[in-house]
Amino acid sequence: MSREISAEGAHDRLDAYLASKLDDLSRSRIQALIREQHILVNGKPAKPRDSVKSGDKISVVIPEAVPDIAAPQDIPLDILFEDEHLLVLHKAHGMVVHPAPGNADGTLVNALLHHCKGKLSGIGGVERPGIVHRLDKDTSGCLVVAKTDIAHQSLTTQFSERSTMEKLYLAVTHGIPPKDKDTIFTHIGRHPVNRQKMAVITPPAGKTAITDYKTLATDPATKTALVLCHLHTGRTHQIRVHLAHLGWPIVGDDMYGGKVFVGADKKPMLERQALHAAILGIAHPATEQKMRFTAPIRGEFGAVVQYLRDFCARQGTHEYTLATGQSGATVDIVL
């Protein structure tokens, strides 16, 4: 539903003015719509505290409601491990983890409800059953799901304390890091203008974000690099923000400045976001046994990784091996 409002007179705040005009929306709901850029003033994003001036044109778009309970859907899953406590899978690029505005179905949650016959942890609520952590829609790789509340609590603690948990990502970047390896230590918070983005911000605002990186392969001809990232914190878009902040945005990441990967022959090789959760290490919630999973690299991403690997092999500089098999390609990292 869309509405157009022409402001009359001067008013203190945008959210307060709209609350007086839109009886069917609470002030908190209006504030959320402003932050999500469903409300624009003169065609531009605004803030709830912005003053409204006479003659301002305010457009309000109310997105369709998302059903409270996701429906089971028969969507194939690439399962790496499963028992009665948990499930580890390889999330495909392009799959949304849970229902949200614009993605009411076809999500990982819909697929899990069908596969697990509803036997999932309820701690995340009816919208996010079993979901302990998320991967962005355009990020592929390892993701763990809790089937029981006890498993959910154990995994949540591991993700929070980072004591027994390990998360390693592979990224292809535009731009080559000047160091072979380093630690990125910043604060990350909401972008001051575009609230859908995150940004490196000045402390004490935001939250501490720590990423170790190691450059595995580089290609000066295409000015790209294959970078291994080890997360020590779990901020939203952390790797994407950190690498873009330093001037090496991830290939295919439109939000943070990444572009299509073009090979030496000037032909596009990769248009998707080149970020892959390659390795996930956890302690089993019931047995406390250490477990380590690797998600195969497939398709265009795998072709680009092979391209960079072959280039570095010719130069004698690569620090990893690539093995291909029926399930795809896996990278054996030399740390």
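Summary table
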quantity	calculated
In segment 154-170, the residues that are surrounded by 16 or more Cβ atoms within 10 Å (Cβ to Cβ) and of a type in the set (Lys, Arg)	Lys167
Residue count for segment 22-55, restricted to those that are surrounded by 12 or more Cβ atoms within 10 Å (Cβ to Cβ) and out of contact with any strand residue (DSSP E or B) (no Cβ under 6 Å at 6 or more places or on another chain)	18
Conditions (1) within 28 Å of Asp138 (Cα to Cα); (2) assigned by TED's automatic domain parsing to the domain that holds Ile150; number of the one not met by Glu84	(1)
Residues satisfying the stated conditions in segment 182-205, i.e. over 26 Å from Leu33 (Cα atoms) and assigned to a strand (DSSP E or B)	Asp182, Thr183, Ile184, Phe185, Thr186
Test for Val200: is it outside the structural domain of Val305 (by TED's automatic domain parsing) and modelled with pLDDT of 95 or more	no
Some residue of segment 168-184 being of a type in the set (Ser, Thr, Tyr) and touching a His at 6+ places or on another chain (Cβ under 8 Å)	yes
Ala151 vs. criteria outside the structural domain of Asn110 (by TED's automatic domain parsing), touching a residue at least 12 places away in the same chain (Cβ under 8 Å), among the small types (Gly, Ala, Ser) and crowded, with 16+ Cβ neighbours inside 10 Å	no
Qualifying strands (runs of 3 or more DSSP E) (wholly inside segment 29-139; at least 2 residues being among the hydrophobic types (A, V, I, L, M, F, W, C) and without any contact (Cβ under 8 Å) to a residue 60 or more places away in the chain)	39-41, 57-61
Every residue from segment 203-246 that is among the hydroxyl-bearing types (Ser, Thr, Tyr) and either in contact with a Gly (Cβ under 7 Å, 6 or more places away or on another chain) or at pLDDT below 95 (or both)	Thr215, Thr218, Thr222, Thr224, Thr233, Thr236
Tabulated pairs, segment 221-247, first closer than 12 Å to Ile176 by Cα, second acidic (Asp, Glu) and assigned to a strand (DSSP E or B), C-beta under 9 angstrom, 6+ apart or interchain	Ala225/Asp219; Leu226/Asp219
Of all residues making up segment 171-181, the number that are surrounded by fewer than 18 Cβ atoms within 10 Å (Cβ to Cβ) and either in a strand (DSSP E or B) or under 18 Å from the mean Cα position of the chain (by Cα) (or both)	1
Total residues in segment 248-271, condition of a type in the set (D, E, K, R) and either surrounded by 15 or more Cβ atoms within 10 Å (Cβ to Cβ) or touching a residue at least 60 places away in the same chain (Cβ under 8 Å) (or both)	2
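Residue-wise test of (1) closer than 14 Å to Thr139 by Cβ; (2) out of contact with any strand residue (DSSP E or B) (no Cβ under 9 Å at 6 or more places or on another chain); (3) surrounded by 22 or more Cβ atoms within 10 Å (Cβ to Cβ).
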{"site": "Pro192", "(1), (2), (3)": "no, no, no"}
{"site": "Ala205", "(1), (2), (3)": "no, no, no"}
{"site": "Asp212", "(1), (2), (3)": "no, no, no"}
{"site": "Thr224", "(1), (2), (3)": "no, no, yes"}
{"site": "Gln238", "(1), (2), (3)": "yes, no, yes"}
{"site": "Leu243", "(1), (2), (3)": "yes, no, yes"}
{"site": "Leu246", "(1), (2), (3)": "no, no, no"}
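The values are calculated or read from the model by the stated rules, or taken from the named source; none is laboratory data. These numbers come from a predicted model, not from an experiment. Reconstructed Cβ throughout: ideal geometry from the backbone, glycine too, with neighbour counts over all protein chains shown.
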